[in-house]
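Here the structure is laid out as structure tokens; the discussion comes afterwards.
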Amino acid sequence: MPQYAVLIYEAVPAEELPQEVIDEHIALDGKIAEAGGRSVAGLALQPASTATVIRGGEITDGPFIETKEDLAGVFVIEARDLDHALALARMTPVVDGAVEVRPLVDFQVVS
Amino acid sequence: MLAATVRVTRDLDLAEDAVQEAYVSALAAWERDGVPDRPGAWLTTAARRVALNALARGKTLRTKLPLLLEPEAVPSEEPETIPDDRLRLVFICCHPALAREAQIALTLRLVCGVATPDIAHAFLVGESAMAARITRAKKKIAAAGIPYVVPDRSELPERLDAVLTVVHLLATTGHVDPSGEQLVRVELFERALDLARMLVALLPGEREALGLLALLRVHGARAATRVDARGRLLRLEEQDRSRWDREAIAEADRLIVRSLKAGPPGRFTLQAAIAALHASAPSYAETDWPQLLQLYDVLLRVWPSPVVALNRAVVVAMVRGEDAALREVEALERDGRLDGYRYLPAVKADLLARLGRHEEAGEAYRAALALTGNEAERDFLSRRREGLR
């Protein structure tokens, strides 16, 4: 099945997330599996204020892209197609923000 | 035919190439053997075979291998799956993951078969820009894996709404070309009408598809009278009702009744009902304004759009007077969502003129003119403004 990255943009910092949202995150893998998908990997990021940027060898204060809603995490799912991926990504708990779904480049080569 | 071929290839470009090749081989084969009984089926079969061969040659074998298991039909008759295929194609083209402009361009290109330069021309975009837009959209369909399916029951209403919106946009672009000199761009409107008919035929139980077709039928019925012999825009009260297409209006009425019987009306059905009520009035003065206002109230509930609120204000003027209507228009002005929308100052100007407040009306006409690119509309507003004196 094709893979998709789900990028979570959230205005509420991780430490201020209500417990039920965190619980939902924990339950998400199971819900994705129930819906016929698979959660492959997940990353939760510290707030953008902790980021450091390296550009052209020069080190500066981050983040590279400033947004009202921080990129708070990324997870990778397997889904049948975009509609399936959207249905799975829709279950992501978000307090104030959005999720973005992006197909991953498939480097696998069949000769 | 393209639709049926995409089902085999799962790849729009490959399917397009295959269809082209099928036409070329048809020319040779039909010259040799005569035209077959079912040329459409012949072409579809040929295109599928070309596509399958291309797939087998490994051109796009990578992820598509399992799809070859699709039974390779050599249909002896027009395949029953074709309507379904067309529907899938429409839903792919109007997928909400695509930008609206891309949805419109893809629908015209792939469902209606309009050539890219013609689409570019219709939307006043350069040919290469339009070609790039279409290519980008096709790439996204392939890369993101937008599926070639009719959405299931739970998603259908939302997804169908996106399709109907695209068709309606096509029709209104055909109706008032936003910046060209010509008021009615017949061709786009005809395409939209064809699409609406197709949707009703393929999804006979969908109330909003019926509603959209009804709406377009009424619009089409009045198209010839919207301008005078010199191409000048005429208001509803000035139009020659005897020239309205009664047949089309009657069909719209039947469609609306069918939709209403099937359940609570959506926005297209309500808009159709409003248009049909206008169309069935023997004269402007004899229009059933209170009934119209009721319809607008319901419409505003199911579709709380400021444009609807503005149109409703016009009806409020007929039922409750210009002062009441003006208050609603001013509220919309403060709301800000219609900033830059040319019909807001135009409606305001008309109300002010009717109230005898000519100076303010002139001001509002000037504001409307500044926002209007369409020649026929500009001329109309200028004449209205001059009429104040």
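The values are calculated or read from the model by the stated rules, or taken from the named source; none is laboratory data. Just so it is clear, the model here is predicted, and its values are computed rather than measured. Methodologically, a virtual Cβ is constructed for each residue, glycine included, from the backbone with ideal geometry; neighbour enumeration extends over all protein chains shown. All accessible areas refer to the heavy atoms of the entire protein, side chains included, with ligands and DNA or RNA removed. Shrake-Rupley method; radii C 1.70, N 1.55, O 1.52, S 1.80 Å.
Scanning the stretch B:129-152 for residues that are assigned to a helix (DSSP H, G or I) and among the β-branched types (Val, Ile, Thr), which turns out nearest to the other protein chains (Cβ to nearest Cβ)? Result: B:ILE141.
Taking the criterion of being farther than 17 Å from B:ALA3 by Cβ and modelled with pLDDT of 85 or more, the residues of the stretch B:76-97 that qualify are B:PRO96, B:ALA97.
The single condition among (1) in the same structural domain as B:GLU386 (by TED's automatic domain parsing); (2) over 20 Å from B:LEU236 (Cα atoms) that B:ALA353 does not meet is (2). Just a yes or no: is a residue in the stretch A:88-102 without any contact (Cβ under 8 Å) to a residue 40 or more places away in the chain, among the basic types (Lys, Arg), within 14 Å of another protein chain (Cβ to nearest Cβ) and open to solvent by 50 Å² or more (accessible area, probe 1.4 Å)? Looking for residues that are without any contact (Cβ under 8 Å) to a residue 40 or more places away in the chain, among the basic types (Lys, Arg), within 14 Å of another protein chain (Cβ to nearest Cβ) and open to solvent by 50 Å² or more (accessible area, probe 1.4 Å), one finds at least one in the stretch A:88-102, hence yes. Here A:GLY36 clears all of (1) within 14 Å of chain B (Cβ to nearest Cβ); (2) on the phi < 0 side of the Ramachandran plot except the condition numbered (2). Residues of the stretch B:186-225 that are open to solvent by less than 50 Å² (accessible area, probe 1.4 Å) and not in a helix (DSSP H, G or I): B:LEU203, B:GLU206. Restricting the stretch B:153-170 to residues that are farther than 23 Å from A:MET1 by Cβ and within 14 Å of chain A (Cβ to nearest Cβ), the residue that is modelled with the highest pLDDT is B:ALA162. What are the residues in the stretch A:27-59 that are open to solvent by 60 Å² or more (accessible area, probe 1.4 Å) and of a type in the set (S, T, N, Q), if any? Residues satisfying the conditions are A:GLN46, A:SER49, A:THR50, A:THR52. For the stretch B:286-305, which positions are part of a loop (DSSP other than H, G, I, E, B) and without any contact (Cβ under 8 Å) to a residue 24 or more places away in the chain? B:GLU286, B:ASP288, B:PRO304, B:SER305, listed by residue number. When we screen A:GLU69, A:GLU24, A:GLU16 for residues that are open to solvent by 80 Å² or more (accessible area, probe 1.4 Å) and either on the phi > 0 side of the Ramachandran plot or away from chain B (no Cβ under 14 Å) (or both), the only hit is A:GLU16.
Look at A:PHE75 and say whether it is surrounded by 14 or more Cβ atoms within 10 Å (Cβ to Cβ) and either at pLDDT below 90 or away from chain B (no Cβ under 14 Å) (or both). Spell out how you get there, then give the answer.
On the way: surrounded by 14 or more Cβ atoms within 10 Å (Cβ to Cβ): yes; either at pLDDT below 90 or away from chain B (no Cβ under 14 Å) (or both): yes.
It is true that A:PHE75 is surrounded by 14 or more Cβ atoms within 10 Å (Cβ to Cβ) and either at pLDDT below 90 or away from chain B (no Cβ under 14 Å) (or both).
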